[in-house]
Each structure stands twice: as structure tokens, then as C-alpha cells.
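First the structure, in the form of C-alpha cells, and then the observations on it.
The values are calculated or read from the model by the stated rules, or taken from the named source; none is laboratory data. Being a predicted model, the structure only gives us computed values, none of them experimental. As a convention, Cβ positions derive from the backbone with ideal geometry for all residues, glycine included, and neighbour counts pool all protein chains shown.
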Amino acid sequence: MSYANKKIAVLGAGESGEAAALLLRDHGAMVTVLDTAEENKLRKKIDALGTSGIRVIAGLAAEHDAQHYDLSVLSPGIDPRAPLVQNLLRKRVAMIGELELAFEMCRCPIVAITGTNGKTTTTQLVEKMLNACGVKTVASGNIGPAFSARVQQSKDLDVMTVEVSSFQLEQIRRFRAHVAVWLNFAADHLDRYASMEEYRAAKLRIFENQTAEDWAVINYRDELPPLAARSLTFSAFTAGGDFDLREGIIFHHGTAVLPMADTHLRGAHNAENLMAALGVGIACGLEIGQMIPPLMEYQALPHRCEFVRTIDGVDYINDSKGTNLDSVEKALLSETRPVVLIAGGKDKGFGYESLTEIVAAHCRAVVTLGEMADRIEALWRDRLPCFNAARSLEKAVELAGQAAQPGDVVLFSPGTSSFDMFQNYADRGKQFRALVQGISNPRESNP
């Protein structure tokens with residue numbers, strides 16, 4: 001499709017929206033960005049985009065914009081039910097998502113990775129592994145930078161590796177992944193979706209346009225509808241897939257290929273991320289042996305079961321990226337020692353009942369935090385000691401340190417998002433890390 005001289009509205013001035021706007025500008029479109037944030041909060045972006053010939057309409061004026069457009073592009077962070085979106089739909093302006101826009105301009109096959117948890121780690125594993133094996137790729141999408149910011153590099157790549165969220169998949173039309181990865185599925189985003197079924201349906205769209213020439217790398221434990229693509233399966237918890245985990249070793253069709261102890265990753269959930277990466281490599285024509293060395297070298301990003309420090313015999317672990325209950329469960333299962341869990345944050349529309357038994361089995365105590373602090377405390381206080389830190393992370397770290405004993409783990413795995421108290425999960429994790437680093441350790445000061 002030619003965008004030259006087309007009037008196009010981009011909804012949202014965040015990273016994805018800005019990248020889409022600049023991409024469309026480069027293709028000759030007349031671009032207007034609409035964002036409901038107040039103009040004073042967008043001033044730097046308004047000025048920067050203005051120098052590129054892109055107009056920005058902010059605040060209520062964006063919601064009530066009367067202009068007609070040939071097309072609109074929706075940023076994934078904006079709920080389709082929002083007034084900003086509905087204003088354009090009422091005017092019958094065609095709408096696609098930023099993912100679809102970039103796909104239309106992509107000049108190489110796509111590896112698309114989705115799942116409730118593990119997307120970013122797996123995307124990075126795939127990027128590192130493929131490049132080390134001579135398959136040229138770059139990572140983009142939900143991992144950042146946006147797919148639209150990287151897509152013009154696709155003419156020089158063998159494949160494009162894209163982390164894909166359910167939000168991004170909502171607006172696809174022809175988006176097709178040569179290799180689609182389904183890592184897992186668990187409760188999340190019920191503040192956006194009316195039900196788990198609706199959330200699952202959005203994620204399943206990753207397979208929608210695949211053919212028998214494509215590949216689906218899927219978790220063997222999950223029951224998925226019939227798929228058109230060829231499949232490769234994996235599971236760290238159930239035997240029967242192409243890849244499985246036995247006594248800490250990843251097997252492929254019964255042959256041991258990678259001991260977890262030889263990697264920098266911990267936990268069965270990361271074993272599944274490694275299996276998924278190996279599956280992608282097979283789909284891209286690689287041999288197992290050549291993929292193992294780069295996977296062994298990979299080190300995880302911050303805020304994902306990140307070791308921070310040992311204080312008086314207690315290990316402090318930062319899992320601020322744990323923004324749903326499945327991630328908390330996996331973090332707890334990766335620990336063999338008693339845990340003092342710090343949990344809670346923004347209310348995303350689900351409760352913590354499903355974690356009760358695993359928390360009771362693995363935790364010495366729980367410290368509750370944020371919007372959900374009272375609800376979580378009321379749920380678990382009859383099963384184990386619970387301490388309420390309300391809206392103070394500093395207090396939470398202090399209470400956890402008091403409850404922990406030498407040999408324990410203090411695990412900061414909130415189980416929900418951070419926006420009640422922090423800018424994002426990274427801000428939350430950095431603050432936790434700084435608080436832990438600031439604790440005086442008697443063993444360090446008096447050796």
C-alpha cells in the first residue's frame with residue numbers, strides 16, 4: 001500500500017506511536033498524532049515531531065478531533081474502547097495497529113514471540129542465538145524499540161525477531177509470522193479484557209494467517225486449537241514434547257542437549273524459554289550443537305529474578321517484572337529455600353487466591369504492598385505471617401528483612417503492575433535494588 005499524500009492519524013504519542021508516525025512520514029504520508037495527555041506533558045515530543053513535519057493534537061482536542069483521515073494507526077497501549085479511538089471509528093476511519101503497519105513494510109520473514117511470561121527473555125535469547133549462528137536478525141516490538149522503528153532494516157536481515165503482546169495482536173489483518181512462538185498462558189490484563197477467554201483469543205491471533213509453510217513453536221502443556229503450521233513442542237513440566245526437562249537438563253527427543261547449570265538462567269520457566277529458542281533455531285534450519293554456545297553465554301535482563309545482594313545470610317531477589325500471578329508462581333518454584341515474599345501493587349482485576357497453596361508451602365512470611373495490600377493480607381493472614389507495608393516500598397523491604405532468617409530468600413515478585421506507585425516495573429525494580437543496596441550489613445562492616 002502506498003501512503004504518499006495520505007492523511008493518517010496515529011493514536012498515541014508513546015514509543016510505538018512515535019515510531020509509526022516517523023515511518024509513515026518517511027513514506028510520504030501527512031501525519032497527525034492524537035494523544036489525550038495534556039499539551040504541557042507532551043511539549044518535548046510535540047516540538048521534536050514538529051521538526052519532522054508531524055502535527056500533534058493533545059488533550060481533549062484529540063478526543064474530539066473533527067478531521068477526517070484516510071487511515072488511523074492504533075498504538076497497542078490504547079484501549080480500543082477509549083473515546084479517542086471511538087471518535088475515529090464513528091467517522092468510519094479505517095484502523096490498523098502499529099504491528100500491522102510495520103508488517104506491511106517488512107522485507108524478510110518474521111519470528112513472532114508471545115506468551116503471558118518470558119517474552120522478552122526468549123526474544124533476546126533468539127536474537128543472540130540466531131546472530132551467533134549466522135542468521136542475521138534484530139529484536140523489536142514489545143521488547144522495544146518498536147517494530148516500526150526497526151522495520152526499515154529488514155531488507156538487510158534474514159529474519160526479524162518481534163516480541164508480540166496481545167494488545168498488538170488485537171488489530172492485525174494480514175500479519176503473518178513464519179515462526180510463531182507460544183510460550184505460555186496465564187491470568188493477566190483483566191483490566192483490559194472482559195474475560196480470560198477474550199484475552200486468550202487475542203493472543204491466539206498470532207497463528208491466524210500462518211500456512212503449512214510456517215512453524216508454530218508451542219508449549220506442550222497448553223491445549224491450542226488446530227494450527228495450519230508445522231509444530232515444535234516443549235515443556236519443562238510435562239513429558240511428551242519435542243523438548244523436555246529432566247533433573248535440570250534439557251532433552252531433545254530423548255537426547256540431553258543443555259544442562260541448566262551450564263547457563264546463566266535459573267528455574268523451570270527459563271528452561272522453557274531456552275527450549276522455545278532452540279525450537280526457533282530448528283525452524284530456521286540450525287543444528288542443535290551450534291545453538292548451545294550462545295545460549296550458554298546469555299545473561300538475563302534486570303528485574304527478572306535478579307540477584308541483588310546477600311545481607312546477613314539472606315539473599316535479596318528482584319523480580320519486579322513479575323507483573324502477573326503465573327510469574328510469581330514460577331519465581332517461587334525456582335527457589336528451594338524458605339521465601340519472604342513481597343507482593344502487591346495495582347489492582348488489575350484479579351485476586352491472588354490461586355497462589356494461596358504455593359505461597360503457604362514455600363513462604364515463611366509475606367509482606368503486602370500497594371493498592372492490593374489489604375486484600376492480599378486478608379486472604380493469606382490465616383495461613384502464614386503477613387505484614388502490611390501499605391504504599392511504602394521502603395517499609396516493605398524493612399519488614400521483609402525483619403521476617404527473614406539466615407538462609408532465606410527475600411523475593412520481590414509483586415504479581416501485578418506497578419502503576420499505582422511507580423512509573424513502570426523497571427522504576428519499581430530500581431527502587432527496590434537501591435533500598436537493598438542501602439541496607440547496612442553487620443557482616444560487611446565487621447568482618
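Sub-7 Å Cβ pairs linking a first residue in region 345-371 that is touching a residue at least 40 places away in the same chain (Cβ under 8 Å) to a second residue that is β-branched (Val, Ile, Thr) and surrounded by 15 or more Cβ atoms within 10 Å (Cβ to Cβ), at least 6 apart or interchain, are Gly345/Thr416; Lys346/Thr416; Lys348/Thr416; Tyr352/Ile376; Leu355/Val328; Arg364/Val339; Arg364/Val340; Leu369/Ile342, ordered by first then second residue.
When residues in region 385-444 are screened for being touching a helix residue (DSSP H, G or I) at 6+ places or on another chain (Cβ under 9 Å) and polar (S, T, N, Q), 7 of them pass.
Looking only at residues of region 159-182 that are hydrophobic (A, V, I, L, M, F, W, C), touching a strand residue (DSSP E or B) at 6+ places or on another chain (Cβ under 6 Å) and assigned to a loop (DSSP other than H, G, I, E, B), we find that the one that is surrounded by the fewest Cβ atoms within 10 Å (Cβ to Cβ) is Val159.
So which helices (runs of 4 or more DSSP H) stay within region 385-445 end to end and still have 1 or more residues that are surrounded by fewer than 19 Cβ atoms within 10 Å (Cβ to Cβ), assigned by TED's automatic domain parsing to the domain that holds Met372 and without any contact (Cβ under 8 Å) to a residue 12 or more places away in the chain? Per the criteria, 393-403, 425-437. Taking region 165-203 as the range and being within 17 Å of the chain's Cα centre (by Cα) and of a type in the set (Val, Ile, Thr) as the test, only Val181 passes. Looking at Arg81, Arg107, just one residue is assigned by TED's automatic domain parsing to the domain that holds Glu18 and of a type in the set (D, E, K, R), and that residue is Arg81.
Restricting Glu357, Glu329 to residues that are assigned to a helix (DSSP H, G or I), of a type outside the set (S, T, N, Q), surrounded by fewer than 22 Cβ atoms within 10 Å (Cβ to Cβ) and under 20 Å from the mean Cα position of the chain (by Cα) narrows the list to Glu329. Any chance region 284-302 includes a residue that's among the small types (Gly, Ala, Ser) and part of a loop (DSSP other than H, G, I, E, B)? Checking region 284-302: at least one residue is among the small types (Gly, Ala, Ser) and part of a loop (DSSP other than H, G, I, E, B).
Against the conditions (1) touching a residue at least 24 places away in the same chain (Cβ under 8 Å); (2) in a loop (DSSP other than H, G, I, E, B); (3) more than 20 Å from the chain's Cα centre (by Cα); (4) surrounded by fewer than 20 Cβ atoms within 10 Å (Cβ to Cβ), Tyr69 satisfies every one except (4).
Each residue in region 191-236 was checked for being of a type in the set (Phe, Trp, Tyr) and out of contact with any strand residue (DSSP E or B) (no Cβ under 8 Å at 6 or more places or on another chain), and 2 of them qualify. Every listed requirement among (1) exposed (fewer than 15 other Cβ atoms within 10 Å of the Cβ); (2) among the hydroxyl-bearing types (Ser, Thr, Tyr); (3) not in a loop (DSSP other than H, G, I, E, B) is met by Thr238 save one, (3). When Ala48, Ala19 are checked against the criterion of being over 15 Å from Pro83 (Cα atoms), part of a helix (DSSP H, G or I) and touching an Asp or Glu at 6+ places or on another chain (Cβ under 8 Å), Ala19 stands alone in meeting it. Taking region 332-354 as the range and being hydrophobic (A, V, I, L, M, F, W, C) and in a helix (DSSP H, G or I) as the test, the residues that pass are Leu332, Leu333. Those residues that are in a helix (DSSP H, G or I), of a type in the set (A, V, I, L, M, F, W, C) and buried (at least 17 other Cβ atoms within 10 Å of the Cβ), I need them from region 369-384; list them, please. Result: Met372, Ala373, Ile376, Leu379, Trp380. Residues in region 107-134 that are in contact with a Phe, Trp or Tyr (Cβ under 8 Å, 6 or more places away or on another chain) and in a loop (DSSP other than H, G, I, E, B) were compared, and the one that is modelled with the lowest pLDDT is Thr116.
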